[in-house]
Amino acid sequence: MFYNSTRNSGVKVSSAEAITQGISAEGGLFVPESVPELTLDEIKAVGDMKYADRAAFVFSKFLTDFTEAEIHYCTDNAYSDRNFETESIAEIAHLFDGTYMLELWHGPTCAFKDMALQILPYFLTTSAKKINLDKKIVILVATSGDTGKAALEGFKDVEGTSILVFYPEDGVSPMQKRQMKTQEGGNVGVCAIKGNFDDCQNGVKAIFTDGDVKSALDKNGMMFSSANSINWGRLVPQIVYYVSAYAELVKDEEIALGEKINIVVPTGNFGNILAAYYAKHMGVPVNKLICASNINNVLTDFINTGVYDRNRQFHATVSPSMDILISSNLERLLYLMSGKNDAVINDWFGKLASEGKYEVTDDVKAKLKDEFCAGFCDDDQTKATIHDIYEKYSYTCDTHTAVAVKVYNDYKASTGDETKTVIASTASPYKFSAAVLEALEGGKSDIDEYAKVDRIAELSDIPVPAALADLKNKPERFSDVIGKSEQKGYVLNSLGL
Ligand SMILES: *Cc1c(COP(=O)(O)O)cnc(C)c1O
């Protein structure tokens, strides 16, 4: 299996090269040249494996330059009970009849990003060895809150790497900020940006493709890579849990082998839902992929109209990990849907950069409508949904997951579709305790973040994750705040260049 770039179909690299580079030199994203297919029997057999082996099976289809031993080295280290609080790694909870919560937040930082970022460091260091790359890998991350912490935990003290994380100063929850500021490890750095997530991400993307920075790194035996979902090594682990969830539901006799399911994903950068799209095209029987947004509903409009327009007000919401107006991974989807037409991708994404807007062809619009449905909700509806499902089903969910539940309820009401449905539950409710507690109790309280955590523990039956409980006693190590134009200088400085 080779990988092409969305902006130059002539690029052809191995998975080890795609993973170490992160992003292609001309700014495109790496995509596998074909989607490997699984038979229903193969999918069924996945249900009898433990999670690490499920992952190894899926990876063997995509990372064909890795040996079996290399893949198992990565999966066995990443998906063990040392790192995850549940044995099944990706736990399925039954919400109501035919509706399942795929809980992806039992890892060390309590968000679904751990599913990929626990394994990415193993992929990266293994890839570097495979291609005889004798350079220090510098990971630059832009985060809307969860990726940063998950990447820091994944890469801390990993030999041959260092990591620098940028987050929007006022764009993350108090718990997320505290998680990052107290990060341990000798090879880590964290810095706040006076701006929003898109500013952080644009800055990081620009640094990645800056010729001067690149050659400065090169001279000093270093290279950049990315832990954001623009890196294929971030995306491929996310395909696993959709294959795994389907196999699990078949095994539990919740669905028949071959029966279609809907998948609902609370979406920001379009990475998680793109992984579901890949799972579908590998052979997991899927009816609709339902894309749920908060009030930053650029994707809802795009899926419904085919016009992507980021020229709109940016809103800070109670689901901050979805406060994004430029969804990077959409580029991969559109590349596939346009028949790998790198010319139109350059045209559209050039327009996005210059005018903030582009419109896809009628053919692509039809494909979008065929595979996806989209909806959004605001903060009040998010909180009302948390309250509602707590009352009805004694289930406490976080703000991002609540957006997905609300959009799914709307979808079901308007279509009457009774297809069984998996909802991606992307974070622990404790990570967004202020909004979750307000929703549960029906009003704001001014107790501190940790008291809120304790209060949620009293109300719900979910134990407080050890990693969040420990935060209280950790010293803050990182307090830098810089302007959005200062990112490049900051990076060079931090690396001593
Ligand atoms: C990152 C994140 C999302 C959005 O996922 P994308 O892959 O960026 O679409 C949703 N919920 C939570 C809790 C997240 O951390």
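Values in this text are rule-based calculations from the coordinates and carry no lab data. Note that the structure is predicted; figures quoted are calculated from it, not measured. Cβ atoms come from the backbone with ideal geometry, glycine included; neighbour counts cover every protein chain shown.
Summary table below
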{"quantity": "The stretch 415-455: radius of gyration over Cα atoms, expressed as a fraction of 2.2 N^0.38 Å", "calculated": "1.65"}
{"quantity": "Kirkwood-based Rg to Rh ratio, the stretch 1-136, C-alpha trace", "calculated": "1.00"}
{"quantity": "Residues of type lysines that residue 219 reaches as a straight line, Cα spacing below 18 Å, ignoring anything fewer than 8 places off in the same chain", "calculated": "135, 136, 488"}
{"quantity": "Relative packing of 189-195, 109-115, 444-450, which averages over residues the other C-beta atoms within 10 Å, highest first", "calculated": "109-115, 189-195, 444-450"}
{"quantity": "Equivalent ellipsoid semi-axes, the stretch 453-497, via Cα gyration tensor eigenvalues times 5, rooted, Å", "calculated": "38, 12, 9"}
{"quantity": "Shape call, the stretch 352-448: gyration tensor on alpha carbons, a/c limit 1.5", "calculated": "oblate"}
{"quantity": "Pairwise Cα inverse-distance average, inverted: Kirkwood Rh of the stretch 59-155 (Å)", "calculated": "14.9 Å"}
{"quantity": "Reachable lysines, given that their alpha-carbon falls under 22 Å from the alpha-carbon of residue 367 and they are not under 8 places away in the same chain", "calculated": "260, 280, 288, 340, 351, 357, 412"}
{"quantity": "Shape of the stretch 267-375, Cα gyration tensor, a/c cut at 1.5", "calculated": "oblate"}
{"quantity": "Furthest towards positive pole of dipole, 95, 79, 32, structure part the stretch 1-115, Cβ charges", "calculated": "32"}
{"quantity": "Distance between the stretch 210-254 and the stretch 461-481 - C-alpha centres, whole angstrom", "calculated": "25 Å"}
{"quantity": "DSSP bridge pairs, the chain: antiparallel proportion in percent, nearest 5", "calculated": "25 percent"}
{"quantity": "The stretch 332-426 - charge dipole about Cα centre, Lys and Arg +1 at Cβ, Asp and Glu -1, debye rounded to 20", "calculated": "220 debye"}
{"quantity": "Calculated P(r) of the stretch 1-71 - Cα pairs past 15 Å, %", "calculated": "58 percent"}
{"quantity": "Quotient of C-alpha Rg and 2.2 N^0.38 Å, computed over the stretch 288-327", "calculated": "1.12"}
{"quantity": "Peptide ranges 252-265, 406-419 listed from the most packed, as the mean C-beta count within 10 angstrom indicates", "calculated": "252-265, 406-419"}
{"quantity": "Mean-position separation - Cα centroids, the stretch 412-426 and the stretch 259-273, in angstrom", "calculated": "11 Å"}
{"quantity": "Cα-centred dipole magnitude for the stretch 271-385, charges only on beta-carbon of K, R (+1) and D, E (-1), debye, nearest 20", "calculated": "260 debye"}
{"quantity": "For the stretch 183-332, Kirkwood radius (reciprocal of mean inverse C-alpha pair distance, Å)", "calculated": "17.9 Å"}
{"quantity": "Percent of C-alpha pairs per 5 Å bin, the stretch 31-100, short to long", "calculated": "3, 14, 19, 20, 21, 13, 6, 2, 0"}
{"quantity": "The stretch 376-497: projected area of the alpha-carbon convex hull, averaged over directions, in nm²", "calculated": "11.5 nm²"}
{"quantity": "Simple label model, 7 Å out from Cα along Cβ direction - residue 135 to residue 307, nm", "calculated": "4.2 nm"}
{"quantity": "Pairs beyond 30 Å (Cα-Cα), from 113/406; 61/181; 129/474; 44/392", "calculated": "61/181; 129/474; 44/392"}
{"quantity": "Sequence-separation-based contact order of the stretch 44-183, relative, with Cα cut under 8 Å and 6+ spacing, percent", "calculated": "16 percent"}
{"quantity": "Euclidean distance between Cα centres, the stretch 387-407 to the stretch 300-372, Å", "calculated": "28 Å"}
{"quantity": "Relative contact order computed over the chain (Cα-Cα under 8 Å; 6+ residues apart), in percent", "calculated": "19 percent"}
{"quantity": "For the stretch 110-241: span of alpha carbons on each principal axis (Å, largest first)", "calculated": "41, 36, 27"}
{"quantity": "Convex hull of the chain built on C-alpha atoms - directionally averaged projected area, nm²", "calculated": "20.9 nm²"}
{"quantity": "The chain: DSSP helices with Cα axial extent of at least 20 Å and average Kyte-Doolittle hydropathy no lower than -0.5", "calculated": "232-251, 399-415"}
